[in-house]
Structures are given as structure tokens and as C-alpha cells.
Amino acid sequence: MDEVLEFLKDCKTFFVATVEGGQPRVRPFGFVMKFEDRLYFVTGNQKPFFKQITENPAIEICGTNEKNEWIRLNGKVVLDSRMEVKQKTFEVMPDLAYVYKTVDNPMFECFYIEEAEASFCTMMAAPRVIKL
């Protein structure tokens, strides 16, 4: 899990894909953290992304680093609105306060991925796959 976390952090921006009405939807993300041995992400519950993950929790994340290596991480979203999770996200990334103001903002949501599988890829070798 730590390897996946560090890879995503090295990407700086990575892309999360969902499905809406049978069509893929992709958007950039930049926040990930490890908490209670899970990878957590944040979003707002007023966004189309939130509706998509509540209707179909399957997602895939893809990001590339400066060495032209990339990761594909897929799994299922689990929403987690516990206050300790939200507080930790603000500790890890204080800039979240610019968007959500406070951890008790009713639009602020946290989620983690379960049943996850990560593929580490390069142009020169077959993917190395790990289960989280």
C-alpha cells in the first residue's frame, strides 16, 4: 500500500474514472492519504463524481510519474464520513480548508478504496500487479 501511496503522490495529479449512464467519466485528483491502512480520497457531495460513485462504486485511477511509469489502481469506493477521517485529511492537506472551510462542512466527503488492485506499468516490461 505504501508503494501505491508514494507513486500517486509522485504523480501529483492522477485521474479517476467512473461510469455515468454507460459512459466513462474521468477527472483529475491530487489528494490521497493513508489512514487506518487504507487509501483515502476526498470529494464534494454536490459534484457529479459523488453521484456516480454512489450509483456505481467501481472506479479506476491512473497516473504517470516523471519517469514515464504509470499506475492503474482499481477497486470499489467506500464512503467514510467519520470526523477523525475528515480531521486527518485537513492535517495532511491544510489547503482543503480553502475549499471546504471546516471538517464539519456537510458537502465534504471522504472515501477509501476496497478490493483494490494496482498495476505498475512501464513501456519496457509487463505490468507488476499487487492486491491491496
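The values are calculated or read from the model by the stated rules, or taken from the named source; none is laboratory data. It should be emphasised that the depicted structure is a prediction, and the values quoted were computed from it without experimental measurement. So basically every Cβ, Gly included, is an ideal-geometry build from the backbone, and we count neighbours across all protein chains shown. Keep in mind that these areas ignore ligands, DNA and RNA; they rest on the heavy atoms of the full protein, side chains included. Shrake-Rupley method; radii C 1.70, N 1.55, O 1.52, S 1.80 Å.
Rounded to the nearest 500, the helix-only mean residue ellipticity at 222 nm of the chain stands at -7000 deg cm²/dmol, with each DSSP H run of n ≥ 4 adding -39,500 (n - 2.57).
For the chain, report the accessible area per residue in Å² (1.4 Å probe, heavy atoms, rounded to an integer). Can you show the working numbers first?
Numbers: 7540 Å² over 132 residues.
For the chain, the solvent-accessible area averages 57 Å² per residue.
Two tests apply to each whole DSSP H helix in the chain, Cα reach of 27 Å or more along its axis and mean Kyte-Doolittle hydropathy of at least 0.5, and none passes both. Distance between the modelled labels on Met123 and Arg82, one decimal in nanometres: 4.4 nm (7 Å Cα→Cβ projection). Once you order the gyration tensor axes a ≥ b ≥ c over the Cα atoms, which shape class does segment 42-98 get: rounded for a/c under 1.5, otherwise prolate or oblate by comparing a/b with b/c? Taking the square roots of the gyration eigenvalues as a ≥ b ≥ c, segment 42-98 is oblate. Protection proxy ranking of 12-25, 73-86, by the mean of other Cβ atoms within 10 Å over each peptide's residues and highest first, is 73-86, 12-25.
Summing +1 for each Lys or Arg and -1 for each Asp or Glu among the other residues whose beta-carbon sits under 13 angstrom from that of Ala97 gives -1.
Ignoring ligands, DNA and RNA, please state the percent of accessible area on the chain from carbon and sulfur, probe 1.4 Å.
The computed percentage sits at 54.
Quick check: net charge around Val42, other residues with Cβ under 9 Å of its Cβ, Lys/Arg +1 and Asp/Glu -1? It works out to a net charge of 0.
Amide H contacts under 5 Å for Leu132: Ala116, Glu117, Ala118, restricted to partners 5 or more places along the chain or on a different chain, H placed in the peptide plane at 1.01 Å from N. Between amide H atoms placed 1.01 Å from N, distances below 5 Å from Asp80 occur with Cys110, Phe111, Tyr112, all of them 5 or more places distant or on a separate chain. Pairs of Lys residues in the chain that lie 8 or more places apart, or on two chains, and have C-alpha atoms under 15 angstrom apart add up to 9. With bins 5 Å wide beginning at 0, the percent of Cα pairs of the chain falling in each bin runs 2, 10, 20, 23, 21, 14, 6, 2, 1, 0.
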